[in-house]
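A.B. asks: One structure coming up, written as structure tokens, with questions to follow.
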Amino acid sequence: MARELKPQKVDDVHSPSRRLKVDLMLDRNKLDFFARVGDEEVRAPSIDELRPLAREMAAKAESYTWERVILVEIKEGWWDRHHHRGFGTRRERDPDVEPTGASVEVEFDRVERARSPFDGKWVARQHPLDFEAGEPDEYTRKRREQFADFIHYGDVNKTVLPYSEETWAGLCAIRKAIDELRDKLAALVERKDVVTLLQRAATSKQPLLLTGSKS
């Protein structure tokens, strides 16, 4: 009985996203070519005929269950970001001394995310509303269909909220309010009576920046 010969690798192909590589093998016993992904196998009499079959198999092996979410991250406040630069020395000696700065920064985005079938990590791509807003051409749409346009982003340290138009609108309203507050602060420090207003704010119970005022 003839000895069974081991298959020999002759090439490889990738899925459209290039996250899955498939080896193209020569069957030295049957004298044809084959490729496998899990329990799936394709065979062909030549390597050129096998390549498109293997690419199609690799593409089908990528399966994702997409969910639409909002990722929210509240950035560190001014004190947390700057006290290590030496700003904190005076405060550490005297806890009654206030930090010499303040900040509010929030970052949010809406995406579609799914677990990768290969390593279990999160992958993300543009939310459909943002994708369509970019007026994608045929090539861009094809890349999306083939899962070639998304990224690994790991288990990021962000709050994940289920997407809804109302939730998104609420976050946009918060962003607008923060921007308006920044603009009011910029206008305040340019006022001729800024010193009087700041001294008044020290004893007033009414928030200075939230009151409409004219220069």
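A.B. asks: Does Arg3 qualify as being within 15 Å of Phe118 (Cα to Cα), surrounded by fewer than 17 Cβ atoms within 10 Å (Cβ to Cβ), among the basic types (Lys, Arg) and out of contact with any Leu (no Cβ under 6 Å at 6 or more places or on another chain)?
C.D. replies: When the stated conditions are applied, Arg3 does not pass them.
A.B. asks: Of the conditions (1) surrounded by 12 or more Cβ atoms within 10 Å (Cβ to Cβ); (2) modelled with pLDDT under 85, Thr89 satisfies every one except a single condition; which number is it?
C.D. replies: All conditions are met except number (1).
A.B. asks: Got a sec? Which of Asp11, Asp39, Asp23 is farther than 23 Å from Glu145 by Cβ and touching a residue at least 40 places away in the same chain (Cβ under 8 Å)?
C.D. replies: It is Asp11.
A.B. asks: Residue check: is Lys184 surrounded by 13 or more Cβ atoms within 10 Å (Cβ to Cβ) and touching a helix residue (DSSP H, G or I) at 6+ places or on another chain (Cβ under 9 Å)?
C.D. replies: Yes.
A.B. asks: For Leu24, work out the one condition from (1) hydrophobic (A, V, I, L, M, F, W, C); (2) in contact with an Asp or Glu (Cβ under 7 Å, 6 or more places away or on another chain); (3) modelled with pLDDT under 85 it doesn't fulfil.
C.D. replies: Condition (3) is where Leu24 drops out.
A.B. asks: Find the residue count for the stretch 27-64, including only residues that are basic (Lys, Arg), modelled with pLDDT of 90 or more and surrounded by fewer than 15 Cβ atoms within 10 Å (Cβ to Cβ).
C.D. replies: Selection size over the stretch 27-64: 2.
The values are calculated or read from the model by the stated rules, or taken from the named source; none is laboratory data. Here the structure is a predicted model, which is why all the values come from computation and not from measurement. Here the Cβ is made from the backbone with ideal geometry for all residues, glycine too, and neighbour counts use every protein chain on show.
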